[in-house]
Amino acid sequence: MPPLLRTFVFAASICCGTAYAQSRIETVWPTKEWQTSSPEEQGIDSAALAKLVEFGTSRSFDSLLIARHGKIVLDAYYAPYTPDIPHVINSATKAVIGTLTAIASKDGLLDSPNHPMLAFFSDRSVANLDDKRKL
């Protein structure tokens, strides 16, 4: 397995573990601000997160954020980056959207991965709507 994929699988396993039963998870988002929590309060080992942060130093990470049960458990930045410095994330959005789509599908929130995105926003108007965007 390639190192980057191994890192993603490791991070995903930390974030998506099933240490807490769904009935015990309190909905804390969406809100105007994210709440924070210790990793242990959310069923995550701090030592494992420390290894992930260390891994990021050798892989040119800009930053690393992990949320579990709607609370931020890790928010790290690697020099020269800080929370107030925006920077290009290139294709990272595709991985996030793909992961969220898989989770929504697994949880039965999608009838199909090909479900049209605009169907979720029927109460909004979309600029420059053409046939391609309707798919």
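The values are calculated or read from the model by the stated rules, or taken from the named source; none is laboratory data. Model, not experiment: these values are computed from the prediction. Quick reminder, even Gly has a Cβ in these numbers, built from the backbone with ideal geometry, and neighbours come from all protein chains shown.
Below is a table of values for the structure above.
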item	result
Candidates 65, 118 - the one that is aliphatic (A, V, I, L, M) and farther than 29 Å from residue 45 by Cβ	118
Criterion: at pLDDT 90 or above and not in a loop (DSSP other than H, G, I, E, B) - qualifying residue of 12, 76	76
Members of the range 66-125 that are under 25 Å from residue 51 (Cα atoms) and of a type in the set (Ser, Thr, Tyr)	77, 78, 81, 82, 91, 93, 99
Qualifying residue in the range 76-91 (condition: touching a residue at least 40 places away in the same chain (Cβ under 8 Å) and either outside the structural domain of residue 56 (by TED's automatic domain parsing) or aromatic (Phe, Trp, Tyr) (or both))	no
Residue that is nearest to the chain's Cα centre (by Cα) [pool: residues in the range 44-69 that are assigned to a loop (DSSP other than H, G, I, E, B) and at pLDDT 95 or above]	44
Test: residue in the range 101-116 that is of a type in the set (Lys, Arg) and outside any helix (DSSP H, G or I)	no
Count of the range 102-115 residues which are loosely packed, with under 11 Cβ neighbours inside 10 Å and at pLDDT 80 or above	6
The one condition in (1) of a type in the set (S, T, N, Q); (2) modelled with pLDDT of 85 or more; (3) out of contact with any helix residue (DSSP H, G or I) (no Cβ under 8 Å at 6 or more places or on another chain) that residue 99 fails to fulfil	(3)
Odd one out for residue 40 among (1) modelled with pLDDT of 95 or more; (2) in contact with a Leu (Cβ under 6 Å, 6 or more places away or on another chain)	(2)
